[in-house]
C-alpha cells in the first residue's frame with residue numbers, strides 16, 4: 001500500500017510542476033517571424049529588377065520580378081526571377097513593414113543628422129533621415145545579447161558619403177531594421193549595417209558596402225561595381241560578437257505588431273518551482 005501511495009504522490013508532484021512550467025512559459029502560437037521564411041532566404045529582393053555591378057559579391061540569393069543582371073566577375077548565392085518564392089517573399093515585405101510601423105516609437109529623430117551619434121536599442125522614428133558626409137552612427141547594445149534597433153521612416157533614408165554604421169557592446173543576437181516608406185540611398189563609400197525594407201527603391205553609391213544585412217525593396221535595387229554584401233556569417237568587430245544569421249531575425253509579428261522574438265525557455269521561477277517540488281518529494285520519500 002505504501003508503494004502505491006508513494007507513486008501517486010510522485011505523479012502528483014510531477015504533474016503539478018509540469019503544469020506550472022507550462023503556465024509560465026510564453027506561448028508562441030500566435031507569433032510569426034517578422035521576416036517570413038521566403039523573405040529571409042534572400043539577401044536582396046526587388047519587386048522590379050535588381051542589378052549588381054562588375055566584381056560585386058553578394059553572399060546570398062538575389063530575387064526580382066522582371067530581371068536580375070550581374071556585371072562581369074560578379075557573384076551571388078543564386079539569382080531567382082519571377083518565381084513563386086519571389087512573389088511570396090514580396091508579400092512578406094509589406095507584412096513586415098506594417099508590423100514595424102505599428103510599433104510604439106521610443107525616440108523621434110531630427111530629419112538631418114550631422115557628426116557622430118550613438119543610439120541605444122529601441123524604436124526610432126523620423127519623418128525623413130539624412131546623414132551628413134563622414135557621419136559615424138554607433139549602435140550601443142549596452143552589453144545585451146540580443147539588442148534590437150528599429151528605424152521607422154515613412155519617406156526616405158539617405159546616407160552622406162563615407163557614412164559608417166557600427167555596433168558595439170552587443171552579442172550575436174543583435175537586430176537592426178531600417179523601415180522606409182519611400183527610398184533608401186547610400187552615399188559613396190558608405191559602410192552600412194542592418195536589414196533595409198523600402199517601399200520603393202534602394203540605390204548604393206560607388207564603393208559602398210553592406211557589412212551585415214539585407215536589402216528588400218518593392219521597386220528596384222542597384223548594387224555598385226566592386227561592392228560587397230554580407231547577409232549572414234557576419235564578422236564582428238571590437239565589442240560586437242558578429243552574427244551567424246544576419247541582423248533581421250530578432251522580431252516576431254504578434255497581433256499585427258512587431259515584437260521581440262518569444263522564447264519558449266521556462267522562466268527562472270519555473271526552475272524554482274521544479275526544485276521545490278522535488279524537495280517535497282524527496283522529503284516524503286525519506287519519511288516513507
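Each reported figure results from applying straightforward, stated rules to the coordinates on display, with no laboratory input. Being a predicted model, the structure only gives us computed values, none of them experimental. Cβ sites come from the backbone with ideal geometry, for glycine too, and all protein chains shown count toward neighbours.
Values for this structure:
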read-out: Where only C-alpha atoms are counted, convex hull volume of region 159-258 per residue in Å³; value: 95
read-out: Modelled FRET efficiency - R0 41 Å, residue 66 with residue 133, Cβ distances, 0.05 increments; value: 0.75
read-out: Hypothetical label at residue 118: residues of region 151-181 whose amide nitrogen lies under 15 Å (7 Å Cα-Cβ projection); value: 166-170
read-out: By average C-beta atoms within 10 angstrom, highest first, the peptides 102-109, 176-183; value: 176-183, 102-109
read-out: Sorted peptide list for 40-52, 129-141, 221-233, criterion being average Cβ within 10 angstrom, highest first; value: 40-52, 221-233, 129-141
read-out: Stretchable slack from residue 219 to residue 57, in nm (0.36 nm times residue separation minus alpha-carbon distance); value: 56.2 nm
read-out: Orientation-averaged projected area, Cα convex hull of region 38-260 (nm²); value: 10.3
read-out: Euclidean distance of C-alpha centroids, region 24-100 and region 215-234, integer Å; value: 10
